[in-house]
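Structure, as structure tokens:
No value in this document is a laboratory result; all are computed from the given coordinates. Note that the structure is a prediction, hence the values are computed from the model and not measured. Positions of Cβ are generated from backbone atoms using ideal geometry, with glycine treated the same way; all protein chains shown enter the neighbour counts.
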Amino acid sequence: MPGVRSGSESYWGAGGPPRPGRIEYRLIRESVLREFRRGRLGRLDICDAQPELLRVARNLGRESATECPICEGANLRHVSFAFGPRLPAQGRALSQGELGKLSRSRSEIACYVVEVCTECSWNHLLRMFNVGGGSAKPVR
């Protein structure tokens with residue numbers, strides 16, 4: 001599909017190749033989109049972002065250059081969440097610049113980047129990686 005990018009941009013900069021301890025969900029994303037285009041998944045099956053995720057995407061998300069693969073009416077927004085010790089049990093949405101602070105933490109913190117379309121509610125987990133804890137450890 002011309003003009004539609006694979007969503008490889010990172011909330012924190014250019015996507016680039018996967019690093020140790022980083023999990024990319026690009027293949028799953030492409031599989032879901034392929035099933036949608038074949039008619040095996042409906043729009044309601046994949047455009048199911050919860051209201052809180054949409055609110056966070058509007059207020060804290062960073063607009064990407066990637067056009068929504070479903071509605072093609074808006075650019076996707078990347079939202080990052082952190083989970084770990086001394087963070088709320090439901091995780092914490094990160095604003096730009098907070099990742100640097102978290103990476104200096106003594107505790108290992110799991111970070112997730114989600115792409116969200118605030119127009120049609122498409123959302124998909126792009127990647128997961130760990131920060132802090134002294135050294136990068138592989139994710140299991």
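In whole percent, what relative contact order does the stretch 89-130 give with Cα contacts below 8 Å and a gap of six or more residues?
Dividing the mean separation by the residue count of the stretch 89-130 yields 31 percent.
Using 7 Å Cα-to-Cβ label points, what is the Asp48/Leu27 separation (nm, one decimal)?
2.3
For Ser107 and Phe83 in one chain, what is 0.36 nm times their gap in residues minus the Cα-Cα distance, to one decimal in nm?
7.6 nm is the gain from fully extending Ser107 to Phe83.
Report the local net charge at Val32: Lys and Arg +1, Asp and Glu -1, summed over other residues whose C-beta lies under 13 Å from its C-beta. Let's see the in-between values first.
Working: positive: Arg26, Arg29, Arg34, Arg37, Arg38, Arg40, Arg43; negative: Glu30, Glu35, Asp45, Asp48, Glu115.
Net charge in that neighbourhood comes out at +2.
Suppose R0 equals 25 Å; then what is the FRET efficiency for Glu63 and Leu125 from their Cβ-Cβ distance, rounded to the nearest 0.05?
0.85
In nm, to one decimal, how far is the modelled label at Arg92 from the one at Arg55, with both set 7 Å along Cα→Cβ?
Inter-label distance under the simple model: 1.8 nm.
All other residues with a Cβ under 14 Å from the Cβ of Arg104 taken together, and with Lys, Arg as +1 and Asp, Glu as -1, what is their net charge?
Working: positive: Arg86, Lys101, Arg106; negative: Glu98, Glu108.
With Lys, Arg at +1 and Asp, Glu at -1, the neighbours total +1.
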